[in-house]
1. Among the residues of the stretch 156-187, write down those that are in a helix (DSSP H, G or I) and either in contact with a Pro (Cβ under 8 Å, 6 or more places away or on another chain) or hydroxyl-bearing (S, T, Y) (or both).
2. Given K120, K58, K161, which one is closer than 30 Å to L387 by Cβ and at pLDDT below 95?
3. Starting from residues that are of a type in the set (G, A, S) and assigned to a loop (DSSP other than H, G, I, E, B), keep the ones in the stretch 343-384 and report whichever is nearest to ligand 1 (Cβ to nearest atom).
4. Please specify each residue of the stretch 252-278 satisfying the condition of being outside any helix (DSSP H, G or I) and farther than 20 Å from K240 by Cα.
5. If I ask for residues that are more than 16 Å from ligand 1 (Cβ to nearest atom) and of a type in the set (A, V, I, L, M, F, W, C), which ones from the stretch 172-198 would you list?
6. Among G142, G179, which is the only one that is at pLDDT 95 or above, under 23 Å from L269 (Cα atoms) and in contact with a helix residue (DSSP H, G or I) (Cβ under 6 Å, 6 or more places away or on another chain)?
7. Can you tell which of V157, V168 is surrounded by fewer than 24 Cβ atoms within 10 Å (Cβ to Cβ), more than 25 Å from I20 (Cα to Cα) and within 16 Å of ligand 1 (Cβ to nearest atom)?
8. Of the residues D314, D336, which single one is touching a helix residue (DSSP H, G or I) at 6+ places or on another chain (Cβ under 6 Å), open to solvent by 30 Å² or more (accessible area, probe 1.4 Å) and over 24 Å from D150 (Cα atoms)?
Amino acid sequence: MKIDNINVREIFDSRGESTIKITGGNPWFFAEVASGKSRGSREAAVFSYREAVQSLKKLKAHIVYKNFNSIRALDSALIKIDGTEDKSKLGGNVMFGISAAFTRALAKKRGEAVWETMRKEFFPSAAKNNMPLIFSNIINGGAHAENNLDVQEYMVVVKPKSSMIESVRTLIRFYRLLGNVLKKTKKIYNIPIGDEGGYSLNFKNNFEPIAILEKLIKTQHLERRLLIALDAAANSFYKKGMYRFGGRQFATEELATEYIRYFKKSKLLFSLEDPFAETDGRGFALLYRMLPYAWVVGDDLTTTNPQAIKKYADEKTINAVIIKPNQIGTISETCDAIAISRKHKLHVIISHRSGEVDDHFIIHIAKACGSDGVKLGAPTRERIWRLNKLIEVYDR
Ligand code: 2PG
Ligand code: MG
C-alpha cells in the first residue's frame, strides 16, 4: 500500500501537555500519541512538536508514495532510517504515530477492523474470544497525584464475565461506592482526583487504600468478581540504593518483606507492578520467589523491549509484563514484545499512559493478541471513552 501524504499536528493530552497527532490521506488515517509521566529510562525518545516537524520532513521522501505491503515492512524501513537504540534520530513518538497511523490506513484499505489487520499479521493463532481482566486505577498516588501515597496506582481488577458491558457496569458501580465510602470515612465532600481519574486524597499509610478496597469488595459480596492490583512505580521513591516508603528508609530485602506483609493482610491483592526500581532486578526476583502465586509485573523494568523482556523472564524476575506501544516506538516491535512474553509464559497486560489522548489504539492491540489484561484509568471523565471502546470491540 502507498500513502500519498503524511503530516504532524500539535495536540494536548489529558494533562494539557503538548503531544503529537499524525494524520494523512488516501487512505485517510491518524494516530494520537499518549504521554507518560513515570517513564522508564530505556523508553524510546520523545520529540517535541517542533522536533517532530523536522523529523517528518526528513522522513517524507522515504515513506510517501513508497510501497509497503505490511506493517512490518513500514516499521523495518523506519527502524533502519533511525538506526539508533533509543529512536533518538526520528523520535520514538513520531515513529509510533506513523506506525499506528499506517496500520489504520492498511485496515481501512482492506475493509477490516484495526485489530483484525494486526491479528492477521502478528497473531494468527490468538484465541478468538479471549476476554481480558480490566485493571482500573481507582486510587492515584506517586507521580500522578498531589497526596501522600508512595504507591502510584491502586487498581481494582474486574474478572471477565460473559460480556464486557457487565464488567464495566460493575466497575462504575464500585468506583462510585468507593467515592461515597471515602467521603464518609475521610469527612471530605469534594475528593481530589488524580491524573488517571482515581481518588487522590491523603491516607494513613500506603496500606490503608488496600484495606478500604478489600473491605468494600467484601461487604458488597464482590470477591468473585473483583481483585486488587498495585503499581508501585518504585523508580519514583528510589534514591542511592534505598527506598523511601511510608516515611521510612528500606533496603531491597526490607521492602520485599513489607510487600509480603501486604499480601498476607489482603487476600484479594494479587498483582504488583514495578515493586522495585528499574535497576533493581534482584528485588523483583526476590519477590517472585517469595510470592509464587502473585503477578510480579515489569513496566519501567522492561519498557516493552523484546530483549529486556526475554532477559528478565529468563532470570525469573517477573511473570507478567506491561505493554505500552510508545515505550518501544513501532507496532511491529510492540507485537514482538508480546510474542516473546507469550513464549516465556508471561501474563500480558496492554496499558494506557497517564497523559491520555483521543485514540483507542491500545484496545485494538489487546484484542489482536488476546491479551490477559488491559490497564486503564478510573471509570470517569476522559478515561470512560476507552472503556466504551472496550465494550464495542469485545461485545460484538
Ligand atoms: C504506569 C503508567 C500508566 P505513565 O506507570 O504504568 O498508568 O503511568 O504513563 O505515567 O508511565
Ligand atoms: Mg507502571
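1. Residues satisfying the conditions are S167, V168, T170, L171, I172, Y175, T185.
2. K161
3. S354
4. S266, K267, L268, L269, F270, S271, L272, E273
5. Listed by number, the residues that qualify are I172, F174, L177, L178, V181, L182, I188, I191.
6. Unique residue meeting the criteria: G142.
7. After ruling out the rest, the residue left standing is V157.
8. D336
The values are calculated or read from the model by the stated rules, or taken from the named source; none is laboratory data. Small disclaimer: the values here were computed from a predicted structure and weren't measured. Positions of Cβ are backbone-derived with ideal geometry, glycine not excepted, and every protein chain shown enters the neighbour counts. Accessible surface areas use protein heavy atoms only, side chains included; no ligands, DNA or RNA. Shrake-Rupley method; radii C 1.70, N 1.55, O 1.52, S 1.80 Å.
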